[in-house]
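Data first, discussion second: the structure below is written as structure tokens.
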Amino acid sequence: MSGDPANTAVWGDADVLVAPISATIPVGNAAFSVDWEFIGLLDGSSGFTESVETSATDHSAWGAGVVATTYGDQKTTKTFTSLEDNETVLSLLYDTSGTIAFTGGDYVGDLGVKDFTSKVRIAFVTRSGTNEKRMISKNYATVAASGAAAESEDSLQSKEFTATIYPSVGSVLWYSYKGVSA
């Protein structure tokens, strides 16, 4: 059996968007509503990494050893690295509600302690030519800083985040679309 090159892609462009949990998921390649905010420039060399973890419990019987294994508590995470210092990124790192004023790319005010349990929708979008792939949290996600932020004179500033995606009641993690870009 041979593979199909149409199922592969080198994605030339990518976006991460966040929105309140009440935001509508765009169907197919429909436009994202104004509730969705772009993270901004992303580290393309890091890309997105996805991890699926599941707990496993072995069940033993006398004289027989392990007779069954049960699985549960699936956890899906996706990491990305932002290269911007903008309102959306700051709101993922800190509590910015009512304490900071943003004007264009400038800001002034207090950055408070973030509640990393706050629920959001998150979308990962990649594009190659006229094709697009979308993975949008069906239920909700939490987003937290997962690595050290870096700023130096010879490299771009960066902030790594991990989004934890929680399944819906029907065990659905993602709304997905792969097809023609809008």
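The values are calculated or read from the model by the stated rules, or taken from the named source; none is laboratory data. Treat the numbers as computed from the prediction; the structure is a model and nothing was measured. Here Cβ is always computed from backbone atoms with ideal geometry, including for glycine, and neighbour counts include all displayed protein chains. These area figures cover heavy atoms from the full protein model, side chains too; ligands, DNA and RNA do not enter into them. Shrake-Rupley method; radii C 1.70, N 1.55, O 1.52, S 1.80 Å.
Suppose we keep only residues that are at pLDDT 90 or above and open to solvent by 40 Å² or more (accessible area, probe 1.4 Å) within the stretch 65-82. Which one would you say is nearest to residue 137 (Cα to Cα)?
If we take residues in the stretch 65-82 being at pLDDT 90 or above and open to solvent by 40 Å² or more (accessible area, probe 1.4 Å), then 70 is nearest to residue 137 (Cα to Cα).
Could you list, in sequence order, all residues of the stretch 89-139 that are open to solvent by 70 Å² or more (accessible area, probe 1.4 Å) and either within 28 Å of residue 28 (Cβ to Cβ) or in contact (Cβ under 8 Å) with a residue 60 or more places away in the chain (or both)?
119, 129, 130, 131, 133, 138 - these are the residues of the stretch 89-139 that are open to solvent by 70 Å² or more (accessible area, probe 1.4 Å) and either within 28 Å of residue 28 (Cβ to Cβ) or in contact (Cβ under 8 Å) with a residue 60 or more places away in the chain (or both).
Scan the stretch 23-31 and give yes if some residue there is under 24 Å from residue 114 (Cβ atoms) and open to solvent by less than 50 Å² (accessible area, probe 1.4 Å), otherwise no.
Within the stretch 23-31, one or more residues are under 24 Å from residue 114 (Cβ atoms) and open to solvent by less than 50 Å² (accessible area, probe 1.4 Å).
Can you tell me which residue is farthest from residue 84 (Cα to Cα) among those in the stretch 42-59 that are open to solvent by 90 Å² or more (accessible area, probe 1.4 Å) and modelled with pLDDT under 90?
That would be 53.
So, in the stretch 169-180, of the ones that are of a type outside the set (A, V, I, L, M) and open to solvent by 30 Å² or more (accessible area, probe 1.4 Å), which residue ends up farthest from the chain's Cα centre (by Cα)?
This residue is 170.
Listed residues 35, 13; which is modelled with pLDDT of 90 or more, surrounded by 10 or more Cβ atoms within 10 Å (Cβ to Cβ) and of a type in the set (D, E, K, R)?
The match here is 35.
Which residues, counting only those in the stretch 74-110, are of a type in the set (Ser, Thr, Tyr), over 24 Å from the mean Cα position of the chain (by Cα) and assigned to a strand (DSSP E or B)?
103, 107
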